[in-house]
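Everything on this sheet refers to the single structure shown next.
The values are calculated or read from the model by the stated rules, or taken from the named source; none is laboratory data. Keep in mind that this is a model prediction, so the values were computed, not measured. Cβ placement follows ideal geometry from the backbone for every residue including glycine, while neighbour counts extend to all protein chains displayed.
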Ligand SMILES: Nc1nc2c(ncn2[C@@H]2O[C@H](COP(=O)(O)OP(=O)(O)O)[C@@H](O)[C@H]2O)c(=O)[nH]1
Ligand SMILES: [Mg+2]
Ligand SMILES: [Zn+2]
């Protein structure tokens, strides 16, 4: 949170905007209450939120991919996000439907807004597919940062090495391919799934499609690794950048921020937005970092000193695990690096 003091004029403006917002929400809610009494809405049925635009949502009836209905939502609901399973009622008069309830979420991605408060962005995600490539060269430090973020939200990360076509004889260094392989083998030993693919040669795409099938995934990773290429290959003919048209202006709205749910033709779902692709680089708490290194977990809490920093204290269980080979030096370095980077931020 910003500690900057607001001027009186600024706080007055914010208050006024909030009052206006409240009044608008109340008006919407009154209208919805009338509709709900008026029998103009069909029976309650399960649905899935596929996109979210401020006060309106696009929902899809469960089991009917591609059929979308514009809905508004009751004011008593918590903030809803793309991926949410909900209960809704369709309008029998061709108007907007109403979302009446939110079902329990299996997982939730949140990101800090401009004031540093966590806002939910997407839910019910099974896999965070972390895309890496020979170019740009992956740094294990950055990979670990993404992995920690995924562990923190409790969603299984999957490592996907894209651009495998560049490995043969390429990347300027003869040993590079082996270094990359060794790195990936280490991640597999820790317990992460590793896939390899090339959108250029289409190698490995079937394995990837098999993984995505019957699950909901997001693609994350640094710029240039091939996320857009992968999404375009897996969703042929779909422009993921294009949002819906705004009713009043006819111009695209929220095209860069709104998360949207897509069905892969081969099965499975993708939730995508430029914001989601940056997941992992959002702020993290120092206490999450240690637990985010999942092979460290059996040793956490066994150090001699309760406030052990795992740097050089005697009786450090994490250091001992490192000596025993249960923790890799690369991961230990990465842990310290990520912690240091948080302290500086
Ligand atoms: N050689 C090779 N290049 C690829 C592959 N996939 C993507 N690229 C290239 O990598 C660059 C970045 O791809 P892009 O999809 O925009 O990456 P993003 O920033 O992660 O969305 C582009 O020049 C792509 O043509 C691949 O499998 N092999
Ligand atoms: Mg891109
Ligand atoms: Zn310790």
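The condition (being farther than 23 Å from residue 21 by Cβ and part of a loop (DSSP other than H, G, I, E, B)) is satisfied by just one residue among 42, 66: 66.
Quick one: count up the residues across the stretch 232-243 that are within 16 Å of residue 198 (Cα to Cα) and either in contact (Cβ under 8 Å) with a residue 60 or more places away in the chain or surrounded by fewer than 19 Cβ atoms within 10 Å (Cβ to Cβ) (or both). Explain how you work it out, then say what you get.
Keep residues of the stretch 232-243 that are within 16 Å of residue 198 (Cα to Cα), which gives 232-236.
Now narrow it down to the ones that are either in contact (Cβ under 8 Å) with a residue 60 or more places away in the chain or surrounded by fewer than 19 Cβ atoms within 10 Å (Cβ to Cβ) (or both): 232-233, 235-236.
Selection size over the stretch 232-243: 4.
Against the definition (surrounded by 14 or more Cβ atoms within 10 Å (Cβ to Cβ), touching a residue at least 60 places away in the same chain (Cβ under 8 Å) and not in a strand (DSSP E or B)), how does residue 105 come out, yes or no? The answer is no for residue 105. Take residue 280 and decide whether it is part of a helix (DSSP H, G or I), modelled with pLDDT under 95, closer than 25 Å to residue 80 by Cβ and away from ligand 3 (no atom under 16 Å from the Cβ). No: the conditions fail for residue 280. Restricting attention to the stretch 200-223, the residues being under 27 Å from residue 148 (Cβ atoms) and near ligand 1 (Cβ under 9 Å from one of its atoms) number 4. Name the residues in the stretch 298-324 that are more than 9 Å from ligand 3 (Cβ to nearest atom), in contact with a helix residue (DSSP H, G or I) (Cβ under 7 Å, 6 or more places away or on another chain) and over 17 Å from residue 334 (Cα atoms), would you? None; the set is empty. One residue is enough: does the stretch 287-309 have a residue meeting the conditions surrounded by 11 or more Cβ atoms within 10 Å (Cβ to Cβ), modelled with pLDDT under 95, outside any loop (DSSP other than H, G, I, E, B) and within 16 Å of ligand 1 (Cβ to nearest atom)? Taking every residue of the stretch 287-309 in turn, none turns out to be surrounded by 11 or more Cβ atoms within 10 Å (Cβ to Cβ), modelled with pLDDT under 95, outside any loop (DSSP other than H, G, I, E, B) and within 16 Å of ligand 1 (Cβ to nearest atom).
For the stretch 67-85, filtering for residues that are in contact with a strand residue (DSSP E or B) (Cβ under 9 Å, 6 or more places away or on another chain) and over 21 Å from residue 126 (Cβ atoms) leaves 11.
Looking only at residues that are in a helix (DSSP H, G or I) and without any contact (Cβ under 8 Å) to a residue 40 or more places away in the chain in the stretch 141-167, which one is farthest from residue 233 (Cα to Cα)? Before you say what the answer is, go through the steps one by one.
Just the residues of the stretch 141-167 that are in a helix (DSSP H, G or I), to begin with: 141-153, 164-166.
Next cut, without any contact (Cβ under 8 Å) to a residue 40 or more places away in the chain only: 165-166.
On the way: 165: 16, 166: 18 Å.
The qualifying residue farthest from residue 233 (Cα to Cα) is 166.
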